[in-house]
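A short worksheet on the structure shown next.
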Amino acid sequence: MKTHTPKIYLDRNEITSGPAPECLEVLRNITQDELSYYTRDYSKGIKSMLSQRLAELNNLPEERVLLGYGSEDLIKQCIHCYLGPGTVLLKPELSWWYYDSVASEVAAKTHCFRLLKERRRFSFNADLILSACHRWKPSVLLISSPNNPTGNSIMADDLHTVLAETRQSIVVLDQAYYGFSSGNELSLTYLLEEFPNLVVLRTFSKLYGLAGARIGYAFAGKGASRLIRFSKKYLGYNRISEALALTALNARRYYQELRLMIEQQKHKYYESLGALPGMKVYESDASFVLVAFDPDLGGIIRQALSQNNIVVKFFDDDDIRLKHHMRISIGTPQENDLVIGTLSAALTRRKVAAA
């Protein structure tokens, strides 16, 4: 009897290890009231318990913490709030297709600033960003840091330089992949006070492993008052999702260990896949690695992964500049070993056959 092998999904940057166990306890203990009644947090003078907690953790006024249905929702809110026909969204090249898609909903134009490509890493460059700003004069400048799919973050000094020269634009810093690397920490309180046109987006979908709960949040500078008004919800937010997020925020040790595991697993990819002929693995600050491969390896790679029910993201149909590239989400150690073993065996067989 043939057994069914479940697919291993490493294509959407989900945390296959799952959230903190305490989050599952939240689900087991849901009450009828949590399902049947709207939140009454507004009677306490706050938008929600979650926005209040995020404000406390980041030393910001609660009114400037926004919640959404994942950061995807908040991206759409920003674009629909500040862009319209003929206006310009400026974003990184080689970035998430969703930015272009939402901009097209409001008939805005999309232009890109270049990334620098080094031997094993992509990087942001303040001069390249500002050059594109001077040329296109964007209503919204979007910087995704770490960037998907290239994995690079903008350095604090470069971000400060860009913000100082783009005060006439709304600057959206998409930090969906925040928390997966140490160092290069940004002082949000200072940045949001110094640059009131800044909006910082984050999510519980990535590091916190709560993609299915759809919880995003944003920190908005005073200059983004239109977005603050635009995002308000009269009847509050999803009470179950809020409880999950609050619980995740308290499970600090679990997520510290998860981040360390993901960092170690990325290095395993750098060293193992990077050593295979015809393969290049780019260093990443996020929960995935971008892998370039020689054109003649594409068929072998796809077949080997498919035969082992492994799903990764190929970019052949997304951007010609990323043809012959794949993005692999960092899974559990066992899943990562299977990916590396599968590709190593396939390329070894090819080498032997060609000898």
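The values are calculated or read from the model by the stated rules, or taken from the named source; none is laboratory data. Fair warning: this is a prediction, and the values are worked out from it, not measured in the lab. All Cβ positions, glycine included, derive from the backbone under ideal geometry; neighbour counts span all protein chains shown.
So which of Arg202, Arg167, Arg214 is of a type in the set (Lys, Arg), closer than 30 Å to Ile240 by Cβ and surrounded by fewer than 21 Cβ atoms within 10 Å (Cβ to Cβ)?
Numbers: Arg202 fails: surrounded by fewer than 21 Cβ atoms within 10 Å (Cβ to Cβ); Arg167 fails: closer than 30 Å to Ile240 by Cβ.
The match here is Arg214.
For Arg119, work out the one condition from (1) touching a residue at least 40 places away in the same chain (Cβ under 8 Å); (2) farther than 19 Å from Cys81 by Cα it doesn't fulfil.
(1)
So which of Lys233, Lys206 ends up being at pLDDT below 95 and farther than 30 Å from Ile300 by Cβ? Walk me through how you get there before you give the answer.
Working: Lys206 fails: at pLDDT below 95.
Exactly one of Lys233, Lys206 is at pLDDT below 95 and farther than 30 Å from Ile300 by Cβ, namely Lys233.
For the stretch 102-116, enumerate the residues that are surrounded by 14 or more Cβ atoms within 10 Å (Cβ to Cβ) and either under 15 Å from Ser153 (Cα atoms) or of a type in the set (A, V, I, L, M) (or both). Let's see the steps before the verdict.
Keep residues of the stretch 102-116 that are surrounded by 14 or more Cβ atoms within 10 Å (Cβ to Cβ), which gives 102-103, 106, 108-115.
Residues satisfying the conditions are Val102, Ala103, Val106, Ala108, Phe113, Arg114, Leu115.
Please work out if Ile262 is more than 30 Å from Val26 (Cβ to Cβ), β-branched (Val, Ile, Thr), touching a residue at least 12 places away in the same chain (Cβ under 8 Å) and crowded, with 17+ Cβ neighbours inside 10 Å. Outline the logic, then answer.
On the way: more than 30 Å from Val26 (Cβ to Cβ): no; β-branched (Val, Ile, Thr): yes; touching a residue at least 12 places away in the same chain (Cβ under 8 Å): yes; crowded, with 17+ Cβ neighbours inside 10 Å: yes.
So Ile262 fails the test.
Can you tell me which residue is farthest from the chain's Cα centre (by Cα) among those in the stretch 323-345 that are buried (at least 19 other Cβ atoms within 10 Å of the Cβ) and among the hydrophobic types (A, V, I, L, M, F, W, C)?
It comes out as Leu343.
For the stretch 18-30, does any single residue satisfy the condition of being buried (at least 18 other Cβ atoms within 10 Å of the Cβ), in the same structural domain as Ala176 (by TED's automatic domain parsing) and modelled with pLDDT under 95?
No, the stretch 18-30 contains no residue that is buried (at least 18 other Cβ atoms within 10 Å of the Cβ), in the same structural domain as Ala176 (by TED's automatic domain parsing) and modelled with pLDDT under 95.
In the stretch 3-36, which residues are of a type in the set (Ser, Thr, Tyr), assigned to a loop (DSSP other than H, G, I, E, B) and in contact (Cβ under 8 Å) with a residue 12 or more places away in the chain? Give the derivation first.
Going residue by residue through the stretch 3-36, those that are of a type in the set (Ser, Thr, Tyr) are 3, 5, 9, 16-17, 31, 36.
Cutting the leftovers down to assigned to a loop (DSSP other than H, G, I, E, B) gives us 3, 5, 16-17, 31.
The answer is Thr5, Thr16, Ser17.
Among what's in the stretch 104-144 and is among the acidic types (Asp, Glu) and at pLDDT 95 or above, pick the residue that is farthest from the chain's Cα centre (by Cα).
Checked the stretch 104-144; the qualifying residue farthest from the chain's Cα centre (by Cα) is Asp127.
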